[in-house]
């Protein structure tokens, strides 16, 4: 497949995900609570862990989001290139990371905290800062960035 076709397919997938949430982008995600509400809406009742990147403009408004990895009931493997590919293509100023815990426990594991630190370092390198990493369940959310 030629490179321009791959680009088109990626843009189509990104647009489809972006439009699947009825968020008009008029309100900025100001803090962990607002980001948690947004994340709970997009990963409501998932039976597996899914890792999301929420792309923000310079004012903190959502310009898109994408599920960048799908795992199983106990975890999800995430690679930085998958997280930042969409952010770069979307022209994001910053990103908020998030994933769900189907177990119902919003506590961050040691692996979650290590991943947060790793992705924050990558964000500094590529010029797209990671604002927060939110863990969501059906009933509550918690920031995984607190320990950093």
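Within region 88-99, residues that are in contact (Cβ under 8 Å) with a residue 40 or more places away in the chain and on the phi < 0 side of the Ramachandran plot have Cβ atoms under 6 Å from residues that are assigned to a helix (DSSP H, G or I) and crowded, with 22+ Cβ neighbours inside 10 Å in these pairs: 95/87; 96/35; 98/39, counting only partners at least 6 apart in sequence or on another chain.
Residue check: is residue 86 more than 26 Å from residue 139 (Cβ to Cβ), modelled with pLDDT of 90 or more, in contact with a helix residue (DSSP H, G or I) (Cβ under 7 Å, 6 or more places away or on another chain) and not in a loop (DSSP other than H, G, I, E, B)? Spelling it out, residue 86 is indeed more than 26 Å from residue 139 (Cβ to Cβ), modelled with pLDDT of 90 or more, in contact with a helix residue (DSSP H, G or I) (Cβ under 7 Å, 6 or more places away or on another chain) and not in a loop (DSSP other than H, G, I, E, B). Of the candidates 48, 59, the single residue that is farther than 20 Å from residue 84 by Cα, modelled with pLDDT of 85 or more, in contact with a strand residue (DSSP E or B) (Cβ under 7 Å, 6 or more places away or on another chain) and not in a strand (DSSP E or B) is 48.
The number of residues in region 62-83 being within 26 Å of residue 28 (Cβ to Cβ) and assigned to a strand (DSSP E or B) comes to 8. Only one of the numbered conditions (1) in a loop (DSSP other than H, G, I, E, B); (2) touching a helix residue (DSSP H, G or I) at 6+ places or on another chain (Cβ under 7 Å); (3) closer than 16 Å to residue 141 by Cα is violated by residue 106, and that is (2). Do any residues in region 117-141 that are without any contact (Cβ under 8 Å) to a residue 24 or more places away in the chain and at negative phi have Cβ atoms under 6 Å from those of residues that are loosely packed, with under 13 Cβ neighbours inside 10 Å and in a helix (DSSP H, G or I), where the two are at least six apart or on different chains, and which pairs are they? Once the first residue is without any contact (Cβ under 8 Å) to a residue 24 or more places away in the chain and at negative phi and sits in region 117-141, no partner that is loosely packed, with under 13 Cβ neighbours inside 10 Å and in a helix (DSSP H, G or I) comes close enough. Among the numbered conditions (1) assigned to a helix (DSSP H, G or I); (2) surrounded by 18 or more Cβ atoms within 10 Å (Cβ to Cβ), the only one that residue 132 does not meet is (1).
Look at residue 102 and say whether it is surrounded by 14 or more Cβ atoms within 10 Å (Cβ to Cβ), out of contact with any strand residue (DSSP E or B) (no Cβ under 8 Å at 6 or more places or on another chain) and at pLDDT below 95. In short, yes.
Among the residues of region 47-68, not a single one is surrounded by fewer than 17 Cβ atoms within 10 Å (Cβ to Cβ) and at positive phi.
Residues that are in contact with a strand residue (DSSP E or B) (Cβ under 7 Å, 6 or more places away or on another chain) and modelled with pLDDT of 90 or more within region 68-83 comprise 68, 69, 70, 77, 78, 82, 83, listed in sequence order.
The values are calculated or read from the model by the stated rules, or taken from the named source; none is laboratory data. Quantities reported herein were computed from a predicted structural model and do not represent experimental measurements. Quick reminder, even Gly has a Cβ in these numbers, built from the backbone with ideal geometry, and neighbours come from all protein chains shown.
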